[in-house]
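The values are calculated or read from the model by the stated rules, or taken from the named source; none is laboratory data. Quantities reported herein were computed from a predicted structural model and do not represent experimental measurements. We place every Cβ from the backbone using ideal geometry, glycine too, and count neighbours over all the protein chains shown. We work out accessible area using only protein heavy atoms, side chains counted, and drop any ligands, DNA or RNA first. Shrake-Rupley method; radii C 1.70, N 1.55, O 1.52, S 1.80 Å.
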Amino acid sequence: MNYSHLGAVALAYAPLIDAQRMVTGTRLTLVPLRPDAKLDGAEVLACLNEVWPAGGGQVILHVLSESLLLELLGTELPSHVQLEVPAFMCSDAAVAEQLQALKKKGNVLLLKGVPSQGLAPELSACFKHVVLGLDDEARGSAELKLPRLISGLRNAADIDAAFKRGAQGVMGWPMQGAFEPAPGAPRSDIQADLQVIVELMSRVDQNEDIERLEQTLKRDPSLAFKLLRYLNSAAFGLPVEVSSFRHAIMLLGYPRLKRWLALLLTTASKDHSMRPIMYGALRRGLLMEELAKSMSDSELRDEMFICGLFSLLDHMLKQPFDKLLQSIPMPERVRQALVDGSGPYQPYLALVQAIENESIFDIRSAAEGLMLGLDEVNQCVLRALAKAAQLE
């Protein structure tokens, strides 16, 4: 797929989270780099169909281009694509007609923001939810009878508060800033269900023989199953099916095995509140790996993947990085990025964080610092999101 026409926009993404902290979809934001940017609605939908084919998960399209939105409203949207429509556009009679036509076709539409005047019942019926920012809530939205989705949240406390106020879902991230343990909080050890992975990573790091590694893995059969499921996924792309842990080691070697143990560590938590963070960690790892594709050294690409995955490990394990380093093997360049905020991987991590935060200035600045064009960055974003969907 050629994504080059998306060089006129910046892309960002965030999870749609329900009250049980399940991630039920992805919100993809398209921001034009210039007001006069020309975007083709059919090409945008073709990209989405490749990343999220029918049955591949729900995607909410948040488009900050009125011309592209008008084009999309005149198109038959895929059944799994939900479109946000700004409230101000609803006052246009032609737009209202298009909204009702899409509703009749079974398309799902979301109202974005609070309309200046009340919506007619037939128009309000076109929308499944209303998407509100915190400012919209503060301005008053009591007259809207639609279920609420709150967008733009950046920490766990705001997400919890939104659900307490009756939100049906939120779109945002629960992990702004570095994890800081609460004053007086007990120093917890790594959760018991993750101990086997940590031990296995340490043994691989020390190049212990396959028999010792197999013995460790046998203590957690479900972990062995999950590892084999990852290795046999389309995202991994091995030419043959992996039938055993020993077979995996023979095919991969120890250096490549480290990255998949890292993936297991960041997706194996049984704490339901960690689901959005696991969602974010997987995509950070895959996106950093995609950004590193031009690097000739496969070890560097694997370390970039691990750097993205581990960048949220402090939130997942509720320990600061300096303590985690005492028990979890971490490549030095990854340690530099996560602990010191330095080293060769830190600028890539900054770019990924800017994409999560929908910060167009920071996205452009970080991309320019890495000498990457935004068309190249957007290709990496879409490929990473597609691979993540295959792994989940």
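So for the chain, taking the charge dipole from beta-carbon charges (+1 Lys/Arg, -1 Asp/Glu), which of Ser244, Met288, Pro78 sits furthest toward the positive end?
The Cα lying farthest towards the positive end belongs to Ser244.
What shape does the range 86-141 take by its C-alpha gyration tensor, where a ≥ b ≥ c are the square roots of the eigenvalues and a/c under 1.5 counts as rounded, a/b above b/c as prolate, and the rest as oblate?
Verdict is prolate for the range 86-141.
For Ala10, enumerate residues with amide H under 5 Å from its amide H, sequence gap 5+ or separate chain, H modeled in the peptide plane.
For Ala10, the qualifying residues are Val31, Leu33.
Would you mind working out the magnitude of the charge dipole of the chain relative to its Cα centre, with +1 at each Lys and Arg C-beta and -1 at each Asp and Glu C-beta, to the nearest 20 Debye?
Once rounded to the nearest 20, the dipole reads 840 debye.
Provide, for the range 1-135, the number of lysine pairs with alpha carbons under 25 Å apart, each pair being eight or more places apart or on different chains.
Going through the range 1-135 pair by pair, I get 7.
Report in % the part of the accessible area of the chain that belongs to carbon and sulfur, leaving out ligands and nucleic acids; probe 1.4 Å.
Carbon and sulfur atoms account for 51 percent of the accessible area of the chain.
In square angstrom, what is the accessible area per residue of the range 26-148 with a 1.4 angstrom probe?
Working: 5780 Å² over 123 residues.
Ligands and nucleic acids excluded, the figure is 47 Å² per residue.
What do you get for the angle between helix 221-231 and the principal long axis of the chain? Use alpha-carbon atoms, 0 to 90 degrees, nearest ten.
70 degrees
Which net charge results when you count Lys and Arg as +1 and Asp and Glu as -1 among the other residues whose beta-carbon is under 11 Å from that of Ser298?
Summing Lys/Arg as +1 and Asp/Glu as -1 gives -1.
Sort 121-134, 278-291 by the packing proxy (mean of other Cβ within 10 Å over each peptide's residues), most packed first. Intermediate results must be reported in sequence, preceding the final value.
Working: 121-134: 18.3, 278-291: 24.6.
The densest-packed peptide leads the list: 278-291, 121-134.
Where the only charges are on Cβ atoms (+1 Lys, Arg; -1 Asp, Glu), what is the dipole of the range 287-377 about its Cα centre, to the nearest 20 debye?
280 debye
Calculated FRET efficiency, Asp322 and Lys145, Cβ-Cβ r, R0 56 Å, to nearest 0.05?
Details: r = 50 Å, r/R0 = 0.89.
About 0.65, to the nearest 0.05.
Taking the highest mean first, how do the peptides 318-328, 344-354 order by number of other beta carbon atoms within 10 angstrom per residue?
Ranking, from highest mean packing down: 344-354, 318-328.
Cβ under 11 Å from Leu6's Cβ, Leu6 left aside: what net charge do those residues give with Lys, Arg +1 and Asp, Glu -1?
For residues surrounding Leu6, the net value is -4.
What is the sum of charges, Lys and Arg at +1 and Asp and Glu at -1, for the other residues whose Cβ falls under 12 Å from the Cβ of Arg229?
Neighbourhood net charge equals -1.
Under 21 Å Cα to Cα from Lys218, which lysines show up? Leave out anything in the same chain fewer than 8 places away.
The reachable lysines, counting only those whose Cα sits under 21 Å from Lys218, are Lys226, Lys258, Lys270.
Answer with a single label: of (i) 30, 30, 23; (ii) 42, 26, 19; (iii) 39, 23, 20, which was calculated as semi-axes √(5λ) of the Cα gyration tensor in Å from the structure in view?
Looking at semi-axes √(5λ) of the Cα gyration tensor in Å for this model, the match is (iii).
Among 25-36, 209-220, how do they line up by average Cβ neighbours within 10 Å per residue, starting with the highest?
Numbers: 25-36: 16.8, 209-220: 14.4.
Listed from highest to lowest mean packing, they are 25-36, 209-220.
What's the magnitude of the charge dipole for the range 25-107 around its Cα centre, counting Lys and Arg as +1 and Asp and Glu as -1 at the beta-carbon? Answer in Debye, nearest 20.
Dipole about the Cα centre, nearest 20: 240 debye.
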